[in-house]
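First comes the structure, then the notes that go with it.
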Amino acid sequence: MGTRGERAEEAYAHWSRLHGGLDPRGSAWVAGWVRLTHACARPLARRGVHPDVVTLAGVLLTATVPALAALGAAWPLVAVVPLVAAAVLDGVDGALAAQTGTDSTWGRVLDALADRCADLLLLATLGVLGAPWWLVASVAGLTLLLEYARASAQAAGMTGPGAVTVWERPSRVLVAAFTAASCAAEWAARTTGVDVLPRVDGAVLATTGAAVGLGLALVGTGHVLRAVRRALV
């Protein structure tokens, strides 16, 4: 199994290969994320769990997020739990594939499809919480456009993600989680009479979250398109 340091170096090397040679140690957050996902994958590897099972489990967990958020009251805060758990599983499947030697082209395709399903489910949560659906659809369209441009460029010969933008999976998770938690806090303040968020209802908070997502998606899409042009022209 190797020492802890050797396992960390193997994890960094695997992440780097999947991300166009980027060094995860350049960011403390990314390096910590890589170590976390590989640590979570080790007990699953010992039990012979297949990475595809983890990928599908992540999508199923994410599907519970808008369903829980739709219940209102404090349930949006409860929805944050499977949201964060699914986000962790999104990294664990790749780490598990690396540790078990089951990394495959099909697995990468399935992971990408699962990511897009998860993106749409997270954005649907904003609509369920009260954001206008036209705004949610706009964010979803830009998100899919960003990922389509990246995938098309990779098929055309670009290595790696092209650029790490402000609207990657962690940003999408954070926007959905923060919005859901804020809506639950607003409900608690309203029902207890404590004006933590005076004159701000859940629909306004959800719309704000979707608007932030739209701004980040616009910037991220532009960033990726510039990176693709530099890589391929």
Mind sorting out which of (1) 0.94; (2) 1.00; (3) 0.97 is the real Rg/Rh (Cα atoms, Kirkwood Rh) computed from the coordinates?
(2)
Helix 51-69 vs. the chain, principal-axis angle (Cα, 0 to 90°, nearest 10)
10 degrees
What is the helix-to-structure angle for 105-129, meaning the angle in degrees between its Cα long axis and the longest Cα principal axis of the chain, kept from 0 to 90 and rounded to the nearest 10?
10 degrees
Mind checking which of V204, L135, T221 is farthest towards the positive end of segment 125-231's charge dipole, using Cβ charges of +1 (Lys, Arg) and -1 (Asp, Glu) about the Cα centre?
T221
With every protein chain kept in place and a 1.4 Å probe, the chain has an accessible area per residue in Å² of 52 Å²
What's the carbon and sulfur percent of the chain's accessible surface, probe 1.4 angstrom, rounded to a whole number?
68 percent
Cα axis of helix 133-155 to longest principal axis of the chain: angle in degrees, 0 to 90, nearest 10?
10 degrees
In whole Hz, the Karplus estimates of ³J(HN,Hα) for segment 171-177 (6.51, -1.76, 1.60; θ = phi - 60°; x where Gly or Pro) are 5, 5, 5, 5, 4, 5, 5
Taking the alpha-carbon centre of each part, the distance from segment 35-79 to segment 117-146 in Å is 20 Å
Put T55, T192 in order of accessible area, largest first, probe 1.4 Å, and you get T192, T55
Hey, what number do you get for the chain at 222 nm if only DSSP H runs of n ≥ 4 count, each worth -39500 (n - 2.57), divided across all residues, to the nearest 500?
-27500 deg cm²/dmol
So, with +1 on the Cβ of K and R and -1 on the Cβ of D and E, and no other charges, what is the size of the charge dipole of the chain about its Cα centre, to the nearest 20 debye?
320 debye
For segment 13-127, what is the charge dipole size about the Cα centre, in debye to the nearest 20, if Lys and Arg each add +1 at the Cβ and Asp and Glu each add -1 at the Cβ?
320 debye
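The values are calculated or read from the model by the stated rules, or taken from the named source; none is laboratory data. Treat the numbers as computed from the prediction; the structure is a model and nothing was measured. A quick note on method: Cβ atoms are made from the backbone with ideal geometry, for glycine too, and the neighbour counts reach across all protein chains shown. Just the protein is used for accessible areas: all its heavy atoms, side chains included, with ligands, DNA and RNA removed. Shrake-Rupley method; radii C 1.70, N 1.55, O 1.52, S 1.80 Å.
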